[in-house]
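One structure is given here, and the rest of the page talks about it.
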Amino acid sequence: GSIVCECVSGLILNLHGNAITLSSELWKRGVRDRAALREEIRRTRGDKVFTFGAVYPFSSHHYLLRNWLSSFDIDPDNDVRIVIVPPPQMVANLRVGNLDGFCVGEPWNSVAVQARIGWCAAVSAELDPNHPEKVLMVRRDFAEKREEEHGALAAALLDACEFSQAPENRERVIAMLARSEYVGVPEAALRAGFSGRFDFGQGGGMRTIPDFNIFYGQNANEPSGEKVAWVLQHMRDSGLCGDTAPLNFALGRRVFRPDIFEKAEILLKGRRGFWEGDSSARPLRES
């Protein structure tokens, strides 16, 4: 539904970070896993259509949710209804019964669990290890006409990714995100997405999920061919570009641009060399 526009991405901002949450009402119905969910869907067929929320048709959340359902013979196109809901509205819709579950990034899963209106059934770090999540995407004409500005933006965000990955910076980042002008939820709800100490709610309890979110390291930030393949494959599998459409890797490589990423890395290293030689510049960067 948007205006067609050529875009490029020179930076992956993170891997993982999503989860699938089901309603407490489903727990009361005896649903504890996908097998039980499948049986409940079949038992109530004709009386109820179970509705699940995803962030956007072309989003990792949609792909993860579809795969999670279909892996236990739940047809995401016919057995349930998948609707698009903005992340901050997921919890409210779960509370009033408009949704029976959703796939979304943190902190909204934790918000639902802490409010005791939902429980976490799966996390994306375990469902699809190393899947790409958020990216920096800009119009192609911006990247070409304002190349220097675009490169500076990518370098600054790469720096922020590394800062966010460091355990010693977590509480500082959480306190900032909790502010009303940003995510605006309690710090306790944000903490799971950074620490990996995740409360699944109900019978799942507290578990530590290594690499729940990866902001930096492990080749997380490069828009590589593997990440292109992941996106294209899931677009096709979800029927968003036609069942018979070929995997257009050439198109994918024109969008996912490792050359922009490499230039951002070089720019960031150059700036750090300047900071190391000028101690007065470093606090400005951190603030």
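Among the protein heavy atoms of the range 1-124, carbon and sulfur supply 49% of the accessible surface, probe 1.4 Å, non-protein parts ignored.
May I ask you to give the solvent-accessible area per residue for the chain, in square angstrom, as obtained with a 1.4 angstrom probe? Don't jump to the answer; show the numbers that get you there.
On the way: 14740 Å² over 287 residues.
Per residue, the chain has 51 Å² of solvent-accessible surface.
Straight-line reach from residue 269: taking Cα to Cα under 19 Å and skipping same-chain neighbours fewer than 8 places apart, the aspartates and glutamates in range are 147, 148, 149, 159, 162, 222, 259, 278, 286. Rounding to the nearest 10 and keeping the result within 0 to 90°, find how far the Cα-based axis of helix 225-237 lies from the longest principal axis of the chain. Taking Cα atoms only, the helix is inclined about 30 degrees. Other residues within the sphere of radius under 9 Å centred on the Cβ of residue 52, judged by their own Cβ, net out at 0 (K and R +1, D and E -1).
Looking at the chain alone, DSSP beta bridges between its own residues are antiparallel in about 75 percent of cases. Adding -39500 (n - 2.57) for every DSSP H run of four residues or longer, then dividing by how many residues the chain holds, sets the calculated 222 nm ellipticity at -13000 deg cm²/dmol.
Is the C-alpha gyration tensor of the range 26-166 telling us rounded, prolate or oblate? Criteria: a/c under 1.5 is rounded; beyond that, a/b larger than b/c is prolate, otherwise oblate. It is prolate, given that a/c is not under 1.5 and a/b is the larger ratio. For the range 3-19, putting each phi into the Karplus relation 6.51 cos²θ - 1.76 cosθ + 1.60 with θ = phi - 60° gives couplings of 6, 5, 7, 6, 10, 9, 10, x, 7, 8, 8, 6, 10, 6, x, 9, 8 Hz, in residue order, rounded to whole numbers and with x for Gly and Pro. In the chain, the longest principal axis of the Cα atoms and the axis of helix 60-70 are about 30 degrees apart. For a modelled paramagnetic label at residue 44, 7 Å from Cα along Cα-to-Cβ, the residues of the range 104-127 in reach, with backbone nitrogen under 18 Å, are 117-121.
Longer than 31 Å from Cα to Cα, which of 28/227; 28/134; 134/263 are they? Say none if no pair is. Pairs exceeding 31 Å: 28/227; 28/134.
How much of the accessible area of the range 174-238, probe 1.4 Å, is carbon plus sulfur, in whole percent?
Details: 1630 of 3180 Å².
Percent of accessible area from carbon and sulfur atoms in the range 174-238: 51.
Tell me whether the range 1-103 comes out rounded, prolate or oblate; compute the Cα gyration tensor, take square roots of the eigenvalues as a ≥ b ≥ c, and use a/c under 1.5 as the rounded threshold. Since a/c reaches 1.5 and a/b is larger than b/c, the shape of the range 1-103 is classed as prolate. Inter-label distance, residue 96 to residue 146: 3.8 nm, where each label sits 7 Å from its Cα along the C-beta direction.
The values are calculated or read from the model by the stated rules, or taken from the named source; none is laboratory data. None of the values given here were measured: they were computed from a predicted structure. Using ideal geometry, Cβ is built from the backbone for each residue, glycine included, and neighbour counts are taken over all protein chains shown. The accessibility values were calculated without ligands, DNA or RNA, using every heavy atom of the protein model including side chains. Shrake-Rupley method; radii C 1.70, N 1.55, O 1.52, S 1.80 Å.
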